[in-house]
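Student: So that we are looking at the same thing, I have put the structure below in structure tokens.
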Amino acid sequence: MSASSGEKPRIGVFLRGVFWLTVILFSSANASGAFGQDQSNETVRSIPPQEEHVHETVTPLKDLLNEAERNNPQIAAARQGWEAAKQIPSQVSTLPDPQFTAQQLNVGSPRPFAGYTNSDFAYFGLGVSQDFPYPGKLRLRGEMAKRDADVLQQQYESVRRTVLAGIKEAYFQLSYLSKTLGILESDGQLLEQVEKAADARYRSGLGNQHDLLQAQLERTKLLREIAMHHLEVAKSQAQIKHLLSRQQSSPDIETADLNETPLPYTFDELLSSARTQNPAIAGAQRMIERQNLQVDLAHKDFYPDFNLQYMWQRTDPAQFRAYYMLSFSVRVPIYRNRKQRPELAQAEAELSRSRSEYEAQSQQASFELRTDYDTAQKTAELLKIYQDGLLPQARTEFEAGIAAYQNNRQDFQSLVTSFLDVLHLDEEYWQSVADRETALARLEQLTGLSLREEGTNK
């Protein structure tokens, strides 16, 4: 944000202080005729100027983002799931474990190893067999597992970005609340003085009871708004601590002041980055690749698998030589209508579904990108309207009301309304700054780009 825009809220605070000091002095001067000089002096109190909300220990947003990447359990769980999935491809692309066999045949006796004396057909044998899937099946299964791991990688990236965007949003909301809370508390002190001034005028006969009641009502409303702000601050603090995996009893987080971050990219540039770096879109693309491989594997399942077995047998070594046997078997898929064809139909349907999901993710990302981009752009225009139009115009009307009230040409309620206009416009201005920063955080989440110093482009 420019320096001039940052000074405007402080100028408004200064003008409000000058105005209410003038009102109180004017009211007290009128009341002095009825109560005497001493009573007038008791009514007039010095109005403390609004102090800037100074943080002793401000926590930069970048530090919180780094802490979340280290400690957030959602990010850790997603990363560990991805790491586990990377171990699968080598498992499914390796041949099945061989099977070793030991045989012993007796004739005429159930007792194991009765020996060769009972029959010339008794023997002891050792063998090994190995299954061989049809060529290409193991490779396809390994490639499918790699795509599954890629999908989990994109899910991990999506979780990471979601958590970081949540921290940014809560951080900006907390900055807004801290800023406006200082304004409300300072203006609450001013309204307290106004209430006393209205009471003094009412007791002197120069004012009316309605003015006093109106001042009391506005001060009570302001106290309610301050209490609601404290509640929202507590919620934002709890949200950030939750995302950081901190204890809720840990010290509260002090935020830096809000600043308007420029947006150096066009919508087309952001859209192009989202299409290549958005994890939801990338994950959907990997799923299409995975389902294509699944279709190829379903076609391969129409072909047979093989088994090779080798056996050594030892009969009576005094009479016979050893036997050596090599066996080759084929597993034939004869139930095609009940197994292979439904499997192929399922794979093709899953492929169509993954393509539809990819299109849906692309459309959703484009919609969210358009919404957040327009929010950032229009909010920037709105901030300029606040800076160059609404805020100075409201203050000008406020100053004109001062002169009119001093000359009894404006009632007290209109003057309070002008004061509230300035107060609410100040709040709306800072809320718009927070909304713009939140929209930029979501653009970073969608595109993977770094739009501010605190961002990380990974």
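Student: Among the residues of region 319-335, what is the count of those that are aliphatic (A, V, I, L, M), in contact (Cβ under 8 Å) with a residue 12 or more places away in the chain and in contact with a Phe, Trp or Tyr (Cβ under 9 Å, 6 or more places away or on another chain)?
Tutor: Here the count works out to 3.
Student: Can you work out which of the residues in region 422-458 that are among the small types (Gly, Ala, Ser) and modelled with pLDDT of 75 or more is farthest from the chain's Cα centre (by Cα)?
Tutor: Ser432
Student: In region 104-115, is there at least one residue being open to solvent by 40 Å² or more (accessible area, probe 1.4 Å) and modelled with pLDDT of 75 or more?
Tutor: yes
Student: Here's a follow-up. Hey, among Leu344, Leu391, Leu326, which residue is over 30 Å from Asp268 (Cα atoms) and not in a helix (DSSP H, G or I)?
Tutor: Answer to the selection: Leu326.
Student: Counting only residues that are within 24 Å of Phe328 (Cα to Cα) and charged (D, E, K, R), which one in region 294-312 is surrounded by the fewest Cβ atoms within 10 Å (Cβ to Cβ)?
Tutor: Ranking the qualifying residues of region 294-312, first place goes to Asp305.
Student: Next up: Tell me, yes or no, whether region 410-421 has at least one residue that is more than 30 Å from Glu289 (Cα to Cα), at pLDDT 85 or above, open to solvent by less than 50 Å² (accessible area, probe 1.4 Å) and assigned to a helix (DSSP H, G or I).
Tutor: no
Student: Of the numbered conditions (1) open to solvent by 80 Å² or more (accessible area, probe 1.4 Å); (2) at pLDDT 95 or above, Ala78 fails exactly one; give the number of that condition.
Tutor: With (1) open to solvent by 80 Å² or more (accessible area, probe 1.4 Å); (2) at pLDDT 95 or above applied to Ala78, the lone miss is (1).
Student: Here's another thing I want to ask about it. Any residue in region 376-395 that is β-branched (Val, Ile, Thr) sitting within a Cβ distance under 9 Å of a residue that is open to solvent by less than 20 Å² (accessible area, probe 1.4 Å)? List the pairs, counting only those 6 or more apart or interchain.
Tutor: Thr379/Ser432; Thr379/Val433; Thr379/Arg436; Thr379/Ala439
Student: Based on this model, can you work out whether Gly389 counts as modelled with pLDDT of 85 or more and at positive phi?
Tutor: no
Student: Out of the residues in region 148-167 that are over 8 Å from the mean Cα position of the chain (by Cα) and open to solvent by 40 Å² or more (accessible area, probe 1.4 Å), state the one that is nearest to Glu437 (Cα to Cα).
Tutor: Filtering region 148-167 for residues that are over 8 Å from the mean Cα position of the chain (by Cα) and open to solvent by 40 Å² or more (accessible area, probe 1.4 Å), the one nearest to Glu437 (Cα to Cα) comes out as Ser158.
The values are calculated or read from the model by the stated rules, or taken from the named source; none is laboratory data. Remember, it's a predicted structure, so these values are computed and weren't measured experimentally. No Cβ is skipped: glycine too gets one built from the backbone with ideal geometry, and neighbour counts run over all protein chains shown. What goes into the accessible areas is simple: the full protein's heavy atoms, side chains included, and nothing from ligands, DNA or RNA. Shrake-Rupley method; radii C 1.70, N 1.55, O 1.52, S 1.80 Å.
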